[in-house]
1. Connecting C-alpha atoms closer than 10 Å in a GNM of the chain, tell me which of 134, 60, 21 has the biggest fluctuation.
2. Apply the Karplus parameterisation 6.51 cos²θ - 1.76 cosθ + 1.60, with θ equal to phi minus 60°, to every residue of segment 146-156 and state each ³J(HN,Hα) to the nearest whole Hz, in sequence, with x for glycine and proline.
3. Compute a Gaussian network model of the chain, connecting alpha carbons closer than 10 Å, and tell me which residue from 46, 36, 65 fluctuates the most.
4. Check residue 102: other-chain or 5+ apart residues with amide H under 5 Å from its amide H, H built from backbone geometry?
5. Give me the percent relative contact order of the chain, please, defined on Cα pairs under 8 angstrom at least 6 residues apart.
6. Which ³J(HN,Hα) values in Hz, rounded to whole numbers, follow from the phi angles of segment 99-108 under the Karplus curve 6.51 cos²θ - 1.76 cosθ + 1.60, where θ = phi - 60° and Gly and Pro get x?
7. Quick one: pull the percent of accessible area on the chain belonging to carbon and sulfur, 1.4 Å probe, ligands and nucleic acids left out.
8. For the chain, what class follows from the C-alpha gyration tensor (a ≥ b ≥ c being the square roots of its eigenvalues): rounded when a/c is under 1.5, otherwise prolate if a/b is larger than b/c, else oblate?
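The values are calculated or read from the model by the stated rules, or taken from the named source; none is laboratory data. The structure displayed is predicted, hence computed values, not measured ones. Neighbour counts are summed over all protein chains in view; Cβ atoms, including those assigned to glycine, are modelled from backbone coordinates with ideal geometry. Side chains are part of the model used for accessible areas, which takes the heavy atoms of the whole protein and leaves out ligands, DNA and RNA. Shrake-Rupley method; radii C 1.70, N 1.55, O 1.52, S 1.80 Å.
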Amino acid sequence: MTASIRDGRGTAAVARARAVARPRGIARWGAVVPLAILAAVCTGIALGARLPWFFAGAAASLLFALWWACLASNRCEVAGDEVRLSGPLWRRRIPLDAIRSIQVVADDGLNHGLLNWPVVSVPGGVRLNMGGRAAVRFLDRRGRRVEFVTADRAAAERLAAALGRDDAGAEPLGR
């Protein structure tokens with residue numbers, strides 16, 4: 001797949017592949033529902049105790065819930081001679097010629113640490129995960145691993161093909 005995209009420097013490039021992962025199901029609503037409850041509690045305190053600054057807490061909770069439900073995503077774009085990776089509060093560009101190996105692996109879609117954020121540091125690298133059943137794992141020339149979780153194996157294979165090659169095997173990073 002190809003598409004014309006514009007990078008942050010204003011230059012156009014042709015994207016050979018783009019994968020966008022958004023929270024689905026319990027990953028989405030498991031965060032939105034408690035945030036909506038928190039907003040209701042803050043609103044109740046603001047009205048009942050006549051503390052109007054609690055409306056700020058309610059507004060912040062609702063804005064975060066809206067962002068998470070509609071806008072939060074992890075992205076991996078192969079464009080020009082680089083891979084552009086991004087997630088909430090995280091971005092990285094890796095030159096294609098710096099990628100040493102590419103694997104498509106099965107994945108359970110879970111983060112196995114204490115922090116369940118869409119981008120987490122794991123031993124040996126970073127994991128971009130919004131849930132899914134497959135992942136593309138690659139190493140840069142320094143040996144740091146990047147694992148991008150996709151919805152299914154077909155999406156992971158398309159992304160791996162755009163990156164270069166598909167080496168079968170290996171366990172997912174973060175186990």
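1. Result for the chain, Cα springs under 10 Å: 60 fluctuates most.
2. For segment 146-156, the Karplus curve yields 10, 10, 10, 7, 10, 5, 8, 5, 4, 5, 5 Hz.
3. 46
4. Residues meeting the criterion, in which the H sits 1.01 Å from N, are 167.
5. Working: 354 pairs, mean separation 35.7, N = 175.
So the answer I get is 20 percent.
6. 7, 8, 8, 10, 10, 10, 10, 5, 9, 9
7. Whole-percent figure for carbon plus sulfur exposure: 60.
8. Numbers: a/c = 2.67, a/b = 1.93, b/c = 1.38.
Note, shape of the chain comes out prolate.
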